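The values are calculated or read from the model by the stated rules, or taken from the named source; none is laboratory data. Predicted model only: the values in this text are computed from it and were never measured. No Cβ is skipped: glycine too gets one built from the backbone with ideal geometry, and neighbour counts run over all protein chains shown.
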Amino acid sequence: MKAVSVERLEPGMTLARTVTNEDMVIVLSEGTVLTNAHITRLQSLDVPVVHIKDDFDLSQNYQQASAVLKKNKAFSHEFDVVAKYADEVFESLKNGEIPKEQTQKVAAHILPLADNSGTIDYLFSLGHKSTTLALHSERVAILSGIIAKWMHFDWEEIRTVVTAAFLHDVGKVKLPDRLIDRDPDNLEEEDLKVYRKHCEDGSEMLKKSGLSEVIQKVALCHHERMNGTGFPNGLTGDKIPPYARIVAVANTYDDLTSEKPGAVKRTPFHAVSYFVREIYSSLDPVVCVPLLTRIKDSLIGSHVTLSNGNKGIVAMYPNDFSALPIISLDDGGNINLNKYPNITVIQYEPL
């Protein structure tokens, strides 16, 4: 299920929740397949947002979990299943081996997780899980897969993106433990040289394993930036492979929103603000625009706590490309956070 503003509704979408008016009279029932007439009716009633069903194929394991658990619990269950396989892969990597069969198994299990619009919320709710190289790689693979889906890649392309994303950081197995989770912007010169080498090391490991050049290039180029400020080669624009641009965005999102030792966990609202700033400089707008659109839609309706102590619900994002939402406050009134940059969302409850 995903929250979608009425302006973005399309015929053929299916309602996941019944829509009522202010008098609690049913306007449209759950399960209604929307037509142009339905959408016009919702617009005339000033309904800001409705909830739409996802139409995605689930793995058998996921279906079994979903049968007895809520979707977020089913996602967590399947995430843990994949994590066990991911740990096995990274244990083998420490010995210089890349187990192709096990890697393919990880990718196969990640694909249904990456085919769910609730992924952003579900991943955020897993922030309590320990941060390891394997878990980071799993999260980035899931995020990369869902971004590729939103960019309308075909199934085989999404599978390749997911596999490449899962293996993007394999070179880090050669790093000292103290550098694996560090932000490269905060490293001293000597440590930075060592850290940056993981891109070339990873690419070389994948080359020796016989994996495709596309996957090798993702490992090499996922820290490159569109404006030339990345590493290891300072590539710009179209010189950066397309899949590496996707993984760069997914990798950045995970770095911004996952818990790390000594760092405060930040919300998707912070990530949205970051991407709006970087969309036409360091990161590829072709990747960022669908990501931002979907994240914003998924955040509408969420309960939030603001840094000034107020609480409310995310009512909408302005029609322009604003970084921050308009909040409908519990005590009445609205606040456009774009006009109050000193007030931030410090906590939110996903739908």
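Suppose we keep only residues that are assigned to a loop (DSSP other than H, G, I, E, B) and touching a strand residue (DSSP E or B) at 6+ places or on another chain (Cβ under 8 Å) within segment 226-238. Which one would you say is surrounded by the fewest Cβ atoms within 10 Å (Cβ to Cβ)? Among those that are assigned to a loop (DSSP other than H, G, I, E, B) and touching a strand residue (DSSP E or B) at 6+ places or on another chain (Cβ under 8 Å), it is Gly228. Screening Ser298 with (1) surrounded by 16 or more Cβ atoms within 10 Å (Cβ to Cβ); (2) without any contact (Cβ under 8 Å) to a residue 60 or more places away in the chain gives one miss only, at (2).
Only a single item in (1) at pLDDT below 85; (2) buried (at least 17 other Cβ atoms within 10 Å of the Cβ); (3) assigned to a loop (DSSP other than H, G, I, E, B) is not met by Ala323, and it is number (1). Based on what the data block shows, is Leu283 buried (at least 17 other Cβ atoms within 10 Å of the Cβ), in the same structural domain as Asn227 (by TED's automatic domain parsing), part of a loop (DSSP other than H, G, I, E, B) and of a type in the set (A, V, I, L, M, F, W, C)? Considered against the rule, which asks whether it is buried (at least 17 other Cβ atoms within 10 Å of the Cβ), in the same structural domain as Asn227 (by TED's automatic domain parsing), part of a loop (DSSP other than H, G, I, E, B) and of a type in the set (A, V, I, L, M, F, W, C), Leu283 comes out as yes. Among the residues of segment 90-105, none qualifies, meaning not one is within 19 Å of Thr132 (Cα to Cα), aliphatic (A, V, I, L, M) and modelled with pLDDT of 90 or more. Residue count for segment 37-89, restricted to those that are touching a Gly at 6+ places or on another chain (Cβ under 8 Å), modelled with pLDDT under 80 and in a helix (DSSP H, G or I): 2.
Out of segment 327-351, which residues are surrounded by fewer than 20 Cβ atoms within 10 Å (Cβ to Cβ) and either among the β-branched types (Val, Ile, Thr) or over 24 Å from His51 (Cα atoms) (or both)? Residues satisfying the conditions are Asp331, Ile335, Asn338, Lys339, Tyr340, Pro341, Asn342, Ile343, Thr344, Ile346. Close Cβ contacts (under 6 Å, 6 or more residues apart or on different chains) running from residues in segment 133-156 that are of a type in the set (A, V, I, L, M) to residues that are crowded, with 23+ Cβ neighbours inside 10 Å and assigned to a loop (DSSP other than H, G, I, E, B) comprise Ile142/Ala114; Ile146/Ala114.
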